[in-house]
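Enquirer: First the structure, then my questions, so here it is.
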Amino acid sequence: MESLNRMATDLVDEAIDFADELNVAVRPLESEAIVLDFGVDGPGGIEAGLLLTEIQTAGLSTVSTTLESVASAPLTHVELSTDHPALALLCSQKAGWEVTAGEFEGLGSGPARALVAAEEIYQRVGYRDEFDFAVLAVETDTVPDASVVEQVAEMADVPESGVFLPAFSAASITGSVQTAARAAELAVFRLSELGYDPLDVLSATGSAPVAPVGADEQEAIARTNDALAYGGRVHLVVDEPFDRFDEVPSTATDEYGTPFADIFAEADWDFYEVPETLFAPAQVTVDVVGGPTEVYGEVNHDLLAESFGL
């Protein structure tokens, strides 16, 4: 497999070439690193969110929009499919890098994580990237600066001139779109945490509604997580049977039916105090090659309508 960061860099070049059409602001820094504002100071957009998702998955996914109903209301949904779930979703798309530099705070996702490969998932998958460029998408309400570039370059062991930072706010169109594209990622990660070999997941397709943009970061984060936990649907094709497939969807948790605004408030909005098991799609179909096809969980239109203000 070609370097994940190499493939993502090609997509970053596309974002730079079509920045005006995508409503993306390109901000070169003195170090020659490039920050791309996908939706921090600006609103972002549907197309920006779709391309950002491709960047986050290092080009190993197909991402598109559909129009479906939530509580009888037509809403945009994002659909993502990949034949490389372990690499695209766990080694690249997953948000696993807490970015802190001075007063800056953000959450990093994308293939730069694979250059560091400190998370346990890289040992499970058996992958570590090596490349001179690092692409890290950062969820933040502040545009990253030189101190962030310095930290990323040091951790990824690349020159600062090789750092690309697409940035977006949760409270943006881009933020809602890229989160809706994470249904399949949540399912595959949950399976891996339950002890299933992620390399035995052969293909994954996920869909979730694009949550209405929140008035602030907290409302946006709550709505987008509700979109996944109560509206996310996933189809997995897997190679081996497993006796815990029923534990993958959000319906398997004790907190099912509780809006994420309440869950986060209970944790004083410290996301690391929220159990990872709560981050799961609403419904999952698991298709075992040569074996059974089973459906687990359900979509909760009433809770989505409440969360989205429909």
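The values are calculated or read from the model by the stated rules, or taken from the named source; none is laboratory data. This structure is a prediction, so every number in the text was calculated from the model and none was measured. A quick note on method: Cβ atoms are made from the backbone with ideal geometry, for glycine too, and the neighbour counts reach across all protein chains shown.
Enquirer: Select from the stretch 215-229 the residues that are surrounded by 24 or more Cβ atoms within 10 Å (Cβ to Cβ) and either acidic (D, E) or farther than 18 Å from F271 by Cβ (or both) and list them in ascending order.
Expert: D226
Enquirer: Taking the condition in contact with a strand residue (DSSP E or B) (Cβ under 6 Å, 6 or more places away or on another chain), surrounded by fewer than 24 Cβ atoms within 10 Å (Cβ to Cβ) and either without any contact (Cβ under 8 Å) to a residue 40 or more places away in the chain or not charged (D, E, K, R) (or both), does S72 pass?
Expert: When the stated conditions are applied, S72 does not pass them.
Enquirer: Only one of these is more than 14 Å from the chain's Cα centre (by Cα) and on the phi > 0 side of the Ramachandran plot: G59, G102. Name it.
Expert: G102
A quick yes/no check of all residues on (1) touching a Cys at 6+ places or on another chain (Cβ under 7 Å); (2) modelled with pLDDT under 95; (3) under 28 Å from I173 (Cβ atoms):
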| residue | (1), (2), (3) |
| --- | --- |
| V201 | no, no, no |
| P209 | no, no, yes |
| L228 | no, no, yes |
| T258 | no, yes, yes |
| A280 | no, no, yes |
| Q283 | no, no, yes |
| L303 | no, no, yes |
| S307 | no, no, yes |
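Enquirer: Based on what the data block shows, is S192 in a helix (DSSP H, G or I) and in contact with a strand residue (DSSP E or B) (Cβ under 9 Å, 6 or more places away or on another chain)?
Expert: When the stated conditions are applied, S192 passes them.
Enquirer: Another question about this same structure. Only one of (1) part of a loop (DSSP other than H, G, I, E, B); (2) acidic (D, E); (3) touching a residue at least 40 places away in the same chain (Cβ under 8 Å) fails for D132. Which number is that?
Expert: (3)
Enquirer: Listed residues V148, V188, V158; which is surrounded by 24 or more Cβ atoms within 10 Å (Cβ to Cβ), modelled with pLDDT of 95 or more and over 15 Å from the mean Cα position of the chain (by Cα)?
Expert: V148 is the lone residue from the list that is surrounded by 24 or more Cβ atoms within 10 Å (Cβ to Cβ), modelled with pLDDT of 95 or more and over 15 Å from the mean Cα position of the chain (by Cα).
Enquirer: Considering only residues that are assigned to a strand (DSSP E or B) and of a type in the set (S, T, N, Q), look in the stretch 91-111 and name the one that is nearest to L191 (Cα to Cα).
Expert: For the stretch 91-111, the residue satisfying everything is S109.
Enquirer: Taking into account only those residues within the stretch 260-273 that are at pLDDT 80 or above and at negative phi, which is nearest to the chain's Cα centre (by Cα)?
Expert: Across the stretch 260-273, the extreme among qualifying residues is F260.
Enquirer: Next up: Output the residue which, of all residues in the stretch 149-170 that are part of a strand (DSSP E or B) and among the hydrophobic types (A, V, I, L, M, F, W, C), is nearest to V210 (Cα to Cα).
Expert: So the residue we want is F168.
Enquirer: Something else now. Looking at A114 and the list (1) in contact with a Ser or Thr (Cβ under 7 Å, 6 or more places away or on another chain); (2) assigned to a strand (DSSP E or B), which single condition is not satisfied?
Expert: Unmet for A114, out of (1) in contact with a Ser or Thr (Cβ under 7 Å, 6 or more places away or on another chain); (2) assigned to a strand (DSSP E or B): (2).
Enquirer: When only residues in the stretch 109-125 that are in contact with a helix residue (DSSP H, G or I) (Cβ under 8 Å, 6 or more places away or on another chain) and not hydrophobic (A, V, I, L, M, F, W, C) count, which is surrounded by the most Cβ atoms within 10 Å (Cβ to Cβ)?
Expert: Selected residue: P111.
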